[in-house]
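The structure under discussion appears below in the form of structure tokens.
Bear in mind these aren't lab numbers, they're just calculated from the coordinates by the rules spelled out. As the structure is a computational prediction, the values presented were derived from the model and not from experiment. Virtual Cβ from ideal backbone geometry, glycine too; neighbours counted across all protein chains shown.
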Amino acid sequence: MGHREGMEVSIAVSHAVQLARAEAIAAYPITPQTHIVEHLSGMVANGDLEAEFINVESEHSAMSACIGMSATGARTYTATSSQGLALMHEILFIASALRLPIVMTVANRALSGPLSIWNDHSDIMAAKDIGWIQIFVENGQEAFDHTIMAFKIAENSNVLIPTIINMDGFILTHVVEAHNFVDQDMVDAFLPGYHPRHTLDPKYPVTMGAFAMPEIYTEVKMKHQVTLMNSYEHIVKVWQEWGDRTGRRYQPVERYKTEGAKTLLLTMGCLGEVAEIAVDELRAAGEAVGLVKLRLWRPFPFADLRQALAGADLVIVCDRALSPGGAAPPVLAELRSAFYPLSSRPQMLGFIVGLGGRDVSPENFKDILKRAQEESSHGPTQEFYLYGVRG
Amino acid sequence: MLEIRFHGRGGQGAVTSVELLAVAAIEEGKFAQGFPSFGPERRGAPVLAFLRIDDRHIRLRCKIANPDVVLILDPSLIRIQKPAADLKPGGVIVLNTNKSIADTRREFGFTHTLAVVDANHIAKQVLGVPITNTTMLGALIRATGAVAVDSMTKPLKERFGPMASKNIAALQEAFEKTVVEEGKS
């Protein structure tokens with residue numbers, strides 16, 4: 001099944017969308033997402049993908065068009081980044097409230113200003129409450145796999161929630177690397193067609209997106225919250241089936257050398273593999289350190305995290321976004337909140353790394369571990385640390 | 001792991017080079033990463049491109065700070081970027097120049113293993129244009145054995161279509177004409 005091939009990760013993602021037989025795409029190009037939709041546009045123009053591709057004048061329109069197309073029952077895809085995600089912000093809530101299983105790749109990039117085209121997670125962290133399923137990937141293979149799996153998750157009749165695959169801009173999107181592809185027959189067997197019960201159809205008119213009176217709004221929100229939390233079991237099932245078919249297994253929270261580790265790093269996205277190198281080197285030197293990688297961001301995997309971090313004395317949460325003026329950067333804030341009700345919990349320190357495309361090396365993670373252990377031993381001097389900041 | 005940094009100017013094809021070489025290495029069953037320096041590149045401005053090749057999955061996601069090899073498409077960059085300054089001990093410099101190894105060492109003070117070829121001349125003769133990126137891949141392969149020469153054929157054909165044969169010929173000629181001298185340190 002499938003073949004191994006070197007190509008740019010963005011192009012591999014466009015092939016995943018093609019293999020998933022997306023039927024409707026609306027997108028506006030923005031660096032570093034552009035290559036994905038550029039290639040999809042080419043596939044549609046060349047007849048290699050039977051889909052409607054709508055060129056729009058903004059991301060606000062891209063998501064609006066996706067909502068319309070998804071509502072007709074079409075398998076719908078888009079991709080964006082940074083300012084583009086920000087511009088579609090108000091429409092993102094409508095997509096999830098209408099329970100339309102749109103799949104979107106977000107090529108994570110800093111938000112302006114100052115203007116930065118480079119990678120961090122400030123775009124998605126500003127959109128964490130949009131009611132979508134949100135998943136992070138670490139490398140090209142994962143970006144490919146999760147793009148296909150996202151359709152199956154989102155379109156499950158017990159889920160029907162749009163899904164974002166977060167892939168780090170440039171440091172993933174623009175890298176040529178090896179991918180193990182799957183063939184069309186496998187994807188067709190894995191991912192059946194999308195046949196929703198309710199669609200927009202002029203022959204059988206229905207209303208979608210009507211307003212909700214105060215008597216019902218809270219209940220609708222409750223339903224959304226419950227469904228999003230319950231999507232966890234379906235997400236895990238889809239990943240399990242993919243693992244059975246491909247041998248590539250994924251978990252909402254993944255552990256790397258955590259056995260007996262007293263100090264744990266926690267990362268999201270492709271810095272996880274960089275941190276692995278630091279953990280390998282420190283383990284070899286006899287230090288009891290490990291790594292936990294948060295793959296599933298929404299729904300937040302409370303139980304898995306509590307289990308994964310249970311044995312640690314110190315957890316170093318590596319955020320890639322700032323929450324200016326807030327209690328803590330976004331991931332640290334969630335982690336602290338998740339652990340606060342527990343009677344026994346590890347100390348949690350936050351280090352913000354890799355903002356606006358700043359490189360993060362294995363040496364940086366080793367340095368962070370050292371500094372965090374020092375801070376922990378004499379009591380933290382700050383709420384969180386902006387790693388490597390000058391002046 | 002082999003880490004190679006390409007130094008070129010916008011439009012000279014450094015990024016294309018690393019992509020082609022990454023694909024060739026992957027075709028050989030290896031693992032590779034080829035990526036640009038992600039800057040707002042402009043034609044003529046100095047650019048970097050990066051290539052890693054290994055026998056196992058590569059986990060690094062940062063630029064290459066201490067390369068095993070630097071490939072310099074444009075010798076005018078040596079004074080500006082000092083590409084060899086952070087080269088690993090025992091590293092290799094692959095340079096496009098019409099000067100001899102001795103003259104190059106004298107002019108720039110290079111002590112590492114040095115490989116030189118007049119890629120401008122070859123590219124003008126074979127391709128008809130002074131675009132040296134594919135030509136210099138021949139020099140790189142000669143100096144490092146990063147991939148087999150034949151492994152470049154498929155990626156070049158997929159990238160350049162009808163223009164591939166001339167690029168393959170230029171690469172082959174550079175491979176044959178490249179002069180390599182071991183490092184003195």
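Just a few scattered comments:
- B:Ala65/B:Arg43 FRET efficiency (R0 35 Å; Cβ-Cβ; nearest 0.05): 0.85
- Cα-based helix-to-principal-axis angle, A:9-19 vs chain A, degrees rounded to 10: 40
- In chain A, helical runs assigned H by DSSP with n ≥ 4 each contribute -39500 (n - 2.57); averaged across all residues and rounded to the nearest 500, the mean residue ellipticity at 222 nm is -12500 deg cm²/dmol.
- Residues A:Tyr77, A:Tyr217 in ascending order of nearby Cβ atoms (within 10 Å, fewest first): A:Tyr217, A:Tyr77.
- Sum of side-chain charges, A:Leu98 neighbourhood, beta-carbon under 15 Å (Lys, Arg +1; Asp, Glu -1): +2
- Length, then width, then depth: along the principal axes, the Cα atoms of the protein assembly as shown run 85, 66, 44 Å.
- Alpha-carbon radius of gyration plus Dmax, which is the widest Cα pair, for segment A:67-152 in Å: 13.2, 40
- Of the residues A:Leu271, A:Ala284, A:Pro301, the one whose Cα sits farthest toward the positive end of the charge dipole of segment A:268-309, with +1 on the Cβ of Lys and Arg and -1 on the Cβ of Asp and Glu, is A:Pro301.
- Dipole axis of the protein assembly as shown (+1 Lys, Arg; -1 Asp, Glu on Cβ), positive-most option in A:Pro101, A:Val176, B:His121: B:His121
- Cα centre as origin, Lys/Arg/Asp/Glu Cβ charges: segment A:341-391 dipole, Debye: 40
- Karplus-based coupling profile of segment B:149-154, in residue order and whole Hz: 3, 4, 5, 7, 4, 5, with θ = phi - 60° in 6.51 cos²θ - 1.76 cosθ + 1.60 and x standing for Gly or Pro.
- Ordering B:Thr153, B:Phe108, B:Ala32 by Cα displacement along the dipole of chain B toward the positive end leaves B:Phe108 in first place; charges were set at the Cβ atoms of Lys, Arg (+1) and Asp, Glu (-1).
- Taking Cα atoms only, the orientation of helix A:140-155 departs from the longest principal axis of chain A by about 50 degrees.
- Across B:Lys124/B:Lys157; A:Lys152/A:Lys257; B:Lys63/B:Lys124, pairs whose alpha-carbon gap is larger than 27 Å: A:Lys152/A:Lys257; B:Lys63/B:Lys124
- In degrees, nearest ten, helix A:214-246 long axis to first principal axis of chain A (Cα): 80
- Mean sequence separation of contacting Cα pairs (under 8 Å, at least six apart), scaled by the length of segment B:2-181, corresponds to a relative contact order of 22 percent.
- Simple point charges give the picture: +1 on the Cβ of Lys and Arg, -1 on the Cβ of Asp and Glu, and for the protein assembly as shown a dipole about the Cα centre of about 760 debye.
- Amide proton proximity set for A:Leu386, modelled H, under 5 Å, gap of 5+: A:Ile352
- Within-13-Å neighbourhood charge of B:Leu156 [Cβ basis; K, R +1; D, E -1]: 0
- Part-to-part distance (alpha-carbon centres) for segment A:39-75 and segment A:83-122, which is given in Å: 17
- Dividing the summed -39500 (n - 2.57) terms of all DSSP H runs of n ≥ 4 by the residue count of chain B sets its mean residue ellipticity at 222 nm at -11000 deg cm²/dmol.
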